[in-house]
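Participant: Below is a structure I'd like to ask you about.
None of the figures in this text is laboratory data; all of them are computed from the coordinates on show. If you're wondering where the values come from, they're calculated on a predicted model, not measured in any experiment. Neighbour counts are summed over all protein chains in view; Cβ atoms, including those assigned to glycine, are modelled from backbone coordinates with ideal geometry.
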Amino acid sequence: MKKILIVEDEKPLARVMSLKLNSVGYTTTTVFSGEEALAIISKEVFDLIILDLIMPKIDGFSILAHLNTSGIKTPVIVASNLSQNEDIEKAKKLGVVDYFVKSDVTLVEMVNKVKQYLQ
Amino acid sequence: MFNRFSLFTKFLILASTLFAILATVLILTSNFIIKSSFINRSKSAVASAVSFEAKDLQAEDFSLTDPEHTKEVFNSFYERVKTAELLRIKVWDYSAKVIFSDDESIVGKRFPDNDEFKEALKGELVTEIGQKTKSENISEQDYERLLEVYIPITFKGENIPSGVIEAYFKLDNVNERIRETRIILSAAIVTFTMVSFGLFFMVFRLIIYKQIEKINLQAVALDNASDHVIITDSDGVILYVNEAAERLTGYSRSEMIGNRPSLWGKQMPKEFYEKMWRTIKTDKKAFEGQITNRRKNGEEYAAETKISPVLDKNNNITFFVGIERDITKEKEIDRAKTEFVSLVSHQLSTPLTTINWYLEMLLSGGEKTKLNNDQKEYVEEASLASKRMVGLVNALLNVSRIEMGTFIVEPKLINIAEILKTVVSEFEHQINEKKLEVTQEYDPAVPNITADPKHLGIVAQNLLENAINYTPSGGKIKVSLKGRGSDILIAVEDTGIGIPKIQQPKIFIKMFRADNVRAKQVNGIGLGLYMTKSIVDHSGGKIWFESEEGKGTTFYITIPISGMKAKEGTKSLT
């Protein structure tokens with residue numbers, strides 16, 4: 001069973017992603033803030049991280065920077081509503097494998113993206 | 001050229017100087033003419049008086065055998081011509097020997113080298129002024145005021161002169177008259193010049209003053225322009241700065257004049273300045289760009305700058321004119337606007353995503369959320385509306401990016417027909433629902449061109465969406481592509497409700513919606529065509545349409561075969 005970490009401060013969104021991913025057979029852990037995310041990735045190993053960018057205090061970019069400096073190689077998919085090129089470029093520079101704008105994709109499309117990186 | 005004197009004042013100073021020079025020249029010339037004419041007159045008066053008295057002289061009077069007789073004759077002659085002005089008289093015989101003089105010490109002496117005598121002996125009347133040597137027995141102050149006349153004497157019955165009478169006269173009286181005449185004439189000249197200057201000034205005021213005033217007015221406008229304006233010489237040394245330049249840079253006029261613009265510049269990379277100098281100095285063209293400068297207080301500011309070389313007839317640079325506009329505030333506003341748009345779109349998108357995804361869960365749900373048909377239909381409606389909302393948020397974002405000019409154009413080599421086909425297939429559901437007959441006609445001869453596929457997609461989507469929305473069920477739509485000169489022509493033709501003639505000119509205006517469209521209550525906010533036109537305009541293409549209300553509309557777009565121009569920016573359209 002592949003383990004996915006969902007980092008999303010919008011609780012209903014985190015829940016629906018988790019529900020959908022569980023329904024197709026993945027194990028998910030959900031955290032609602034940057035702080036919790038940093039805490040859990042230092043303890044547990046995941047196969048994939050779905051990461052929101054805009055969060056209070058520690059945001060997604062900081063988490064990506066932390067992953068880089070601490071050498072954690074877990075693939076990260078960014079799920080954000082930031083659609084500006086500069087944000088996408090910034091995230092890609094920090095090593096994310098995929099980036100999608102939440103409002104532009106359906107849950108099914110989201111699942112397909114996840115599957116792509118967990119083959 | 002750029003000091004505080006007004007042009008008008010300067011012109012007047014110049015004109016009065018010219019008039020003063022003219023008056024001086026006139027006075028000097030008249031003085032010369034007066035002097036020579038008075039001297040000439042007294043010279044001829046003296047000559048005729050002496051000649052008159054000498055006319056009865058006989059050759060015998062020179063008889064050397066009887067010096068007493070000679071002396072008597074000439075004494076009597078001397079008595080006749082003697083006046084208060086006569087200082088000296090000499091009578092020469094042909095051998096240059098003085099045979100008579102009131103100064104007895106020179107009688108009997110020969111002066112063979114006297115040029116005036118030689119000249120006079122040929123029959124000429126010779127005159128000279130103030131040339132006497134001190135050896136002559138005459139007081140010193142009289143030297144300068146002497147008129148010396150050599151008068152040839154021809155005895156009765158002879159043809160050529162046999163002697164010369166030399167006479168010196170004081171010119172005091174003549175000089176006095178010359179002085180008086182000069183004063184009167186100079187006064188007349190000064191008066192004349194002043195009157196002429198007065199007249200000139202009046203004419204000048206009437207005819208030229210207005211022109212000068214206009215130039216002055218322009219200078220005032222330049223001084224008070226809200227943009228920073230400086231003028232430098234061809235080496236970049238500042239000659240003029242306006243008030244805005246003082247305000248913008250924080251340096252005073254006196255600190256800037258004589259200095260160089262690097263006083264507040266130097267903040268940009270070396271290459272920037274190299275390019276700038278190349279443009280204005282080598283290519284002799286205007287340079288435009290955004291530049292960061294530093295005020296006197298150390299604060300940096302962003303400016304839109306334009307530097308133009310001023311060329312003379314021979315195409316040499318004489319001046320540079322530099323204009324700067326402080327865009328720091330605009331940049332801040334721009335940034336604030338971008339941040340606002342990004343924030344709003346993010347804040348709107350998050351709840352919309354939640355709605356969309358939960359509705360999706362409901363519709364795709366397993367046993368736990370199994371919906372009956374009515375429920376399913378209602379949820380589908382809600383889902384559609386919510387998706388439209390996402391589209392709207394994206395459209396608003398795109399419009400703001402277009403307006404801020406921050407969107408990127410990333411041209412790639414693309415096959416336009418493929419893009420059009422994809423867009424048509426995206427609308428398959430709506431086309432089938434409305435039972436529309438859609439035909440596609442793509443000329444295979446159309447080459448692949450470099451264009452931004454995203455932009456072309458947005459353009460095609462908007463046009464096709466309009467055609468579908470505004471064509472009643474069972475209508476026809478035709479999408480076509482062909483070459484047209486140096487362009488590629490895309491046409492979307494429908495048999496829809498058309499655009500009312502009177503509203504056709506407004507169709508590309510943001511938020512504009514035609515009356516017949518409002519009446520039908522078709523969804524839309526009037527951004528599609530505005531956005532489409534903006535994109536087409538940016539890519540160097542054209543957009544236009546033909547429409548008849550009730551019959552249909554055809555939209556045409558051309559894109560140059562040479563392709564879209566790349567544009568750097570920060571945001572791509574979605």
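Participant: Inspect all residues belonging to the range B:296-303 and state whether any of them is out of contact with any Leu (no Cβ under 6 Å at 6 or more places or on another chain), among the basic types (Lys, Arg), in contact (Cβ under 8 Å) with a residue 12 or more places away in the chain and not in a helix (DSSP H, G or I).
Facilitator: Within the range B:296-303, the first condition is being out of contact with any Leu (no Cβ under 6 Å at 6 or more places or on another chain), and the residues that meet it are B:296-303.
From what's left, among the basic types (Lys, Arg): B:296.
Filter once more, keeping what is in contact (Cβ under 8 Å) with a residue 12 or more places away in the chain: B:296.
Pick out the ones that are also not in a helix (DSSP H, G or I) and you get B:296.
Yes, that holds for at least one residue.
Participant: Within the range B:266-275, identify whether any single residue is more than 20 Å from the chain's Cα centre (by Cα), surrounded by 15 or more Cβ atoms within 10 Å (Cβ to Cβ) and over 17 Å from residue B:305 (Cβ atoms), and answer yes or no.
Facilitator: No, because not a single residue in the range B:266-275 is more than 20 Å from the chain's Cα centre (by Cα), surrounded by 15 or more Cβ atoms within 10 Å (Cβ to Cβ) and over 17 Å from residue B:305 (Cβ atoms).
Participant: Would you mind finding the one in B:437, B:441, B:433, B:418 that is out of contact with any His (no Cβ under 6 Å at 6 or more places or on another chain), over 26 Å from residue B:549 (Cα atoms) and of a type in the set (Asp, Glu)?
Facilitator: When all the criteria are applied, what remains is B:418.
Participant: Answer yes or no as to whether residue A:71 is away from chain B (no Cβ under 14 Å), surrounded by fewer than 17 Cβ atoms within 10 Å (Cβ to Cβ), at positive phi and of a type outside the set (Ser, Thr, Tyr). I'd like the intermediate steps shown before the answer.
Facilitator: Working: away from chain B (no Cβ under 14 Å): yes; surrounded by fewer than 17 Cβ atoms within 10 Å (Cβ to Cβ): yes; at positive phi: yes; of a type outside the set (Ser, Thr, Tyr): yes.
Answer is yes for this residue.
Residues checked against (1) without any contact (Cβ under 8 Å) to a residue 60 or more places away in the chain; (2) more than 22 Å from residue A:15 (Cβ to Cβ); (3) surrounded by 14 or more Cβ atoms within 10 Å (Cβ to Cβ):
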residue: B:323; (1), (2), (3): no, yes, yes
residue: B:327; (1), (2), (3): yes, yes, yes
residue: B:339; (1), (2), (3): yes, yes, no
residue: B:356; (1), (2), (3): yes, no, yes
residue: B:369; (1), (2), (3): yes, no, no
residue: B:379; (1), (2), (3): yes, no, yes
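Participant: Go through the range A:17-30 and report how many residues are free of Cβ contacts under 8 Å to residues at least 60 places away in the same chain, of a type in the set (A, V, I, L, M) and buried (at least 19 other Cβ atoms within 10 Å of the Cβ).
Facilitator: Narrowing the range A:17-30 to residues free of Cβ contacts under 8 Å to residues at least 60 places away in the same chain: A:18-19, A:22-23, A:25, A:27-30.
Within this subset, residues satisfying the condition of being of a type in the set (A, V, I, L, M) are A:19.
Cutting the leftovers down to buried (at least 19 other Cβ atoms within 10 Å of the Cβ) gives us none.
Here the count works out to 0.
Participant: Got a sec? Which of B:439, B:369, B:422 is β-branched (Val, Ile, Thr) and touching a strand residue (DSSP E or B) at 6+ places or on another chain (Cβ under 9 Å)? Lay out the reasoning, then the answer.
Facilitator: Details: B:369 fails: touching a strand residue (DSSP E or B) at 6+ places or on another chain (Cβ under 9 Å); B:422 fails: touching a strand residue (DSSP E or B) at 6+ places or on another chain (Cβ under 9 Å).
Selected residue: B:439, the only one of B:439, B:369, B:422 that is β-branched (Val, Ile, Thr) and touching a strand residue (DSSP E or B) at 6+ places or on another chain (Cβ under 9 Å).
Participant: I'd like to check which strands (runs of 3 or more DSSP E) are fully inside the range B:422-520 and have at least 3 residues that are of a type outside the set (A, V, I, L, M, F, W, C). Show your work before the answer.
Facilitator: Working: elements: B:437-442, B:449-451, B:476-484, B:487-494.
Hits in the range B:422-520: B:437-442, B:476-484, B:487-494.
Participant: Here is a follow-up. State whether the residues of the range A:75-96 include one that is farther than 23 Å from residue B:346 by Cα, within 14 Å of another protein chain (Cβ to nearest Cβ) and surrounded by 15 or more Cβ atoms within 10 Å (Cβ to Cβ).
Facilitator: no
Participant: While we're here: Condition test on residue A:62, is it buried (at least 19 other Cβ atoms within 10 Å of the Cβ) and on the phi < 0 side of the Ramachandran plot? Break it down stepwise before answering.
Facilitator: Details: buried (at least 19 other Cβ atoms within 10 Å of the Cβ): no; on the phi < 0 side of the Ramachandran plot: yes.
Considered against the rule, which asks whether it is buried (at least 19 other Cβ atoms within 10 Å of the Cβ) and on the phi < 0 side of the Ramachandran plot, residue A:62 comes out as no.
Participant: Looking only at residues that are over 24 Å from residue B:478 (Cβ atoms) and touching a residue at least 40 places away in the same chain (Cβ under 8 Å) in the range B:531-561, which one is farthest from the chain's Cα centre (by Cα)? Steps first, answer last, please.
Facilitator: Going residue by residue through the range B:531-561, those that are over 24 Å from residue B:478 (Cβ atoms) are B:534, B:537-538, B:540.
Pick out the ones that are also touching a residue at least 40 places away in the same chain (Cβ under 8 Å) and you get B:534, B:538.
On the way: B:534: 35, B:538: 33 Å.
By that ranking, first place goes to B:534.
Participant: Further, regarding this structure: Taking only the range B:344-364 into account, find how many residues are more than 9 Å from chain A (Cβ to nearest Cβ) and of a type outside the set (Val, Ile, Thr). Break it down into steps so the answer makes sense when it comes.
Facilitator: If we filter the range B:344-364 for residues that are more than 9 Å from chain A (Cβ to nearest Cβ), which is where we start, we get B:344, B:355, B:359, B:362-363.
When the remaining residues are screened for being of a type outside the set (Val, Ile, Thr), the result is B:359, B:362-363.
Summing the residues that are more than 9 Å from chain A (Cβ to nearest Cβ) and of a type outside the set (Val, Ile, Thr) in the range B:344-364 gives 3.
Participant: With respect to the numbered conditions (1) within 19 Å of the chain's Cα centre (by Cα); (2) in a loop (DSSP other than H, G, I, E, B), which one is the sole condition not fulfilled by residue B:239?
Facilitator: The failed condition is (2).
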